[in-house]
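Values in this text are rule-based calculations from the coordinates and carry no lab data. What you are looking at is a predicted structure, and each value in this text was computed from that prediction instead of being measured. So basically every Cβ, Gly included, is an ideal-geometry build from the backbone, and we count neighbours across all protein chains shown.
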Amino acid sequence: MQSGTILQSTISNNSAVAGGGINTAGGTLINHTTVYANTASGVGGGVFVREGSVVLNHSIVAQNTRSLVDQDITGLLGTSISPYFSIIGTNTGTLLVPAQVDSPDSNGNLIGGVARDEIDPRLGPLVDNGGPTMTHAPLPDSPAINMGDPSAVPGVGGVPMFDQRGESFTRVYGGRIDIGAFEWQPNPLTGDYNFDGVVDAGDYALWRNTRDSMTDLRADGNADGFVDDADRDIWRANFGRTLPVEALNGFDPGDAATNELAAAVLKNKFTSGGNNNRIESIDQVFDCIGSKYECGTLGYEPDGTLILANLH
């Protein structure tokens with residue numbers, strides 16, 4: 001690319017002669033992005049800067065290689081690389097000063113050296129962790145978790161509202177933003193290991209296929225870093241549940257003005273009470289809120305299901 005901004009993206013398992021993940025010239029911003037496990041036969045396993053500058057902001061560039069040698073980012077003479085609250089696995093090919101996990105530099109960076117001094121961001125495999133694209137989820141001991149700018153607030157100062165996966169995955173969880181495209185947080189629906197909004201047989205199949213894993217933790221229901229029989233029991237206990245309305249970020253069950261977000265994300269998950277009429281379309285939800293329909297009650301079940309009582 002010549003110049004521009006890469007925002008909340010996962011760039012993984014690519015290969016090229018120069019810049020296995022990104023080959024750039026001009027001013028490039030890489031924000032809230034993960035560049036991981038790419039290879040180059042020439043230079044710049046993860047990122048190669050041909051000219052100009054690259055600014056890394058809350059990004060991971062690690063576990064990339066060039067010609068069988070670890071090299072995450074490099075550039076030609078006269079280029080510049082400026083990281084902020086980022087993780088760079090190794091400083092090979094740069095002038096960046098190492099800053100280990102227990103001692104970030106003045107810009108909040110974790111920068112590895114060579115050989116045993118490299119930094120492993122501890123990411124899971126590239127899989128479907130929810131949302132429209134595959135991602136690398138940080139493992140429980142990942143140095144990316146809660147190591148971003150402590151003043152970051154979702155939707156303020158260029159900080160995204162959500163992580164790469166989109167709505168229902170907030171960009172800041174646990175009091176401090178994570179580094180990379182993915183924000184670690186509990187599954188919005190316990191037992192929904194394939195993130196399709198319902199706990200069903202598909203989640204059992206995923207649990208079975210990842211049993212005993214310590215890296216693919218989608219079916220780690222109790223978040224202990226290991227997929228085992230206890231996680232199957234969690235799936236069984238929640239079988240049949242659907243994603244509750246409260247799971248949506250910023251959604252207040254008592255605030256009808258935010259129902260548009262809930263309806264858009266959870267369509268076909270609503271039921272109606274009172275006269276037991278099924279809600280056939282999202283328009284009915286909006287019309288009811290707008291008083292076109294006479295809704296005796298607009299309320300919620302304990303599990304968060306929206307109830308339109310006496311819809312007629």
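Here the Karplus relation 6.51 cos²θ - 1.76 cosθ + 1.60, evaluated at θ = phi - 60°, turns the backbone of the range 18-34 into coupling constants of 10, x, x, x, 9, 10, 10, 9, x, x, 10, 9, 10, 10, 6, 10, 10 Hz, with x for every Gly and Pro. Taking a ≥ b ≥ c as the square roots of the eigenvalues of the alpha carbon gyration tensor, the range 97-183 is oblate, as a/c is not under 1.5 and a/b does not beat b/c. Full extension of the chain segment joining MET134 with VAL153 gains 4.4 nm, where the gain is 0.36 nm per residue of separation less the Cα-Cα distance.
Label-to-label distance, MET161 versus PHE239, with points set 7 angstrom from Cα along the beta-carbon direction: 3.7 nm. Each pair of Cα atoms in the range 187-242 enters the Kirkwood radius, and Stokes-Einstein at 20 °C and 1.002 mPa s then converts it into a translational diffusion coefficient of 203 µm²/s. Rounded, prolate or oblate: pick one for the range 19-81, where a ≥ b ≥ c are the square roots of the eigenvalues of its C-alpha gyration tensor, a/c under 1.5 means rounded, and failing that, prolate if a/b is larger than b/c, else oblate. Cα axes put the range 19-81 in the oblate bin. The phi torsions of the range 153-167, fed into the Karplus equation with coefficients 6.51, -1.76 and 1.60 and a -60° offset, translate into couplings of 10, x, x, 10, x, x, 6, x, 6, 10, 7, 4, 6, x, 3 Hz, rounded to whole numbers, with Gly and Pro shown as x.
Counting DSSP beta bridges with both partners in the range 1-185, what percentage is antiparallel, nearest 5?
Of the beta bridges lying entirely in the range 1-185, close to 20 percent run antiparallel.
Remark on ILE22: its backbone amide H falls under 5 Å from those of VAL47, PHE48, a criterion applied only to residues 5 or more positions apart or on other chains, H modelled at 1.01 Å from N. Proximity of backbone amide H atoms, modeled 1.01 Å from N, is registered between ARG66 and ALA40, GLY45, GLN71 at under 5 Å, excluding neighbours fewer than 5 places apart on the same chain.
Modelled spin-label separation between ARG211 and VAL97, with each label point placed 7 Å from Cα along the Cα-to-Cβ direction: 5.2 nm. Computed on the range 187-242, with alpha-carbon pairs under 8 angstrom and 6+ residues apart, the relative contact order is 38 percent.
Under 5 Å between amide hydrogens, built in the peptide plane, is the criterion, and for TYR173 it picks out ASP178 among residues at least 5 positions away or on other chains. Ordering ILE22, ILE60 from the fewest to the most neighbouring beta carbons within 10 Å gives ILE22, ILE60. Counting every other Cβ atom within 10 Å of each residue's Cβ, SER12, SER41, SER103 order from fewest to most as SER103, SER41, SER12.
May I ask you to sort SER82, SER142, SER151 by Cβ crowding, counting other Cβ atoms within 10 Å and putting the fewest first?
SER151, SER82, SER142
Based on the Stokes-Einstein relation at 4 °C and a viscosity of 1.567 mPa s, and on the Kirkwood radius from alpha carbon pairs, the range 129-234 is assigned a translational diffusion coefficient of 90 µm²/s.
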